[in-house]
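The values are calculated or read from the model by the stated rules, or taken from the named source; none is laboratory data. Just so we're clear, the structure is a prediction, and the values are computed from it rather than from any experiment. Here the Cβ is made from the backbone with ideal geometry for all residues, glycine too, and neighbour counts use every protein chain on show. All accessible areas refer to the heavy atoms of the entire protein, side chains included, with ligands and DNA or RNA removed. Shrake-Rupley method; radii C 1.70, N 1.55, O 1.52, S 1.80 Å.
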Amino acid sequence: MSWSTSPIVRPPDTSVPAIHNVPGIPMSKAVLIADLPEPAEFARRALIGDYTPICVHSFDDAIDAVTNSQFSLIICGLHFDESRMMELLWKVKQLPSYEVVPFLCIQTLEAHPETTDSVKTVHEALGAAGFVEIPDLDGNGASILRREVEGLIGK
């Protein structure tokens, strides 16, 4: 029989999230955007001014962000990190500090209709606040996203 000599790994302390230490960023304004670069930049531009959007493009970066900071809203795109939106939603909702934080699922790129239908069915069961299709990043997409965000966390 062999015994493992690996050190004990403890979860990071999230009792005082890092974003609390950033001067000038009210907690009600911090929004994590997890998506591919182009849709994430679209969402960042749509929210900048009234909110403090922080963009990530990988699952690991998203987990690192929610582990080390406290956001008032998470927005995640359907195609995030090779379609890991539902995995991120499930993982985030397991964290006690994020049980009541809204998680907004968005679709900004075309997807197979069965995929979209599946996501629409499953997102609520996993604890998402909503699923929004934003077909036009250049037209009224920004106003659609802002309206959803304002409805979830205010202005």
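Give the shape of segment 64-155 as rounded, prolate or oblate, defined through the alpha-carbon gyration tensor: a ≥ b ≥ c are the square roots of its eigenvalues, a/c under 1.5 means rounded, and otherwise the shape is prolate if a/b is larger than b/c and oblate if not. Before the final figure, lay out each step's value.
Numbers: a/c = 1.80, a/b = 1.22, b/c = 1.47.
Verdict is oblate for segment 64-155.
Mind putting a number on the dipole of segment 48-155 about its Cα centre? Charges go on the C-beta only, +1 for Lys and Arg and -1 for Asp and Glu, and I need it in Debye to the nearest 20.
380 debye
What is the gain in length, in nm to one decimal, between Asn68 and Leu109 on full extension, counting 0.36 nm per residue of separation less the C-alpha to C-alpha distance? The partial results should precede the final answer.
Working: separation 41, 0.36 × 41 = 14.76 nm, distance 2.93 nm.
Answer, rounded to one decimal: 11.8 nm.
Provide the packing ranking of 131-141, 66-76, i.e. peptides ordered by the mean count of other C-beta atoms within 10 Å per residue, highest first.
The peptides rank, most packed first, as 66-76, 131-141.
Just to verify a number: FRET efficiency for His57 and Trp90, C-beta to C-beta distance, R0 = 22 Å, to 0.05? Mind showing how you got there, number by number?
Working: r = 19 Å, r/R0 = 0.87.
After rounding, the FRET efficiency stands at 0.70.
To the nearest 10 square angstrom, what accessible area does Lys120 show with a 1.4 Å probe?
80 Å²
So how much accessible area does Glu99 have, in Å² to the nearest 10, using a 1.4 Å probe?
Rounded to the nearest 10, that gives 120 Å².
Excluding same-chain residues fewer than 8 positions from Lys93, which lysines have a Cα within less than 23 Å of its Cα?
Straight-line reach from Lys93, under 23 Å: Lys29, Lys120.
Given points 7 Å out from each Cα along the Cα-Cβ axis, report the Glu150 to Ser97 separation in nanometres with one decimal.
Each label point lies 7 Å from its Cα, and together they span 3.0 nm.
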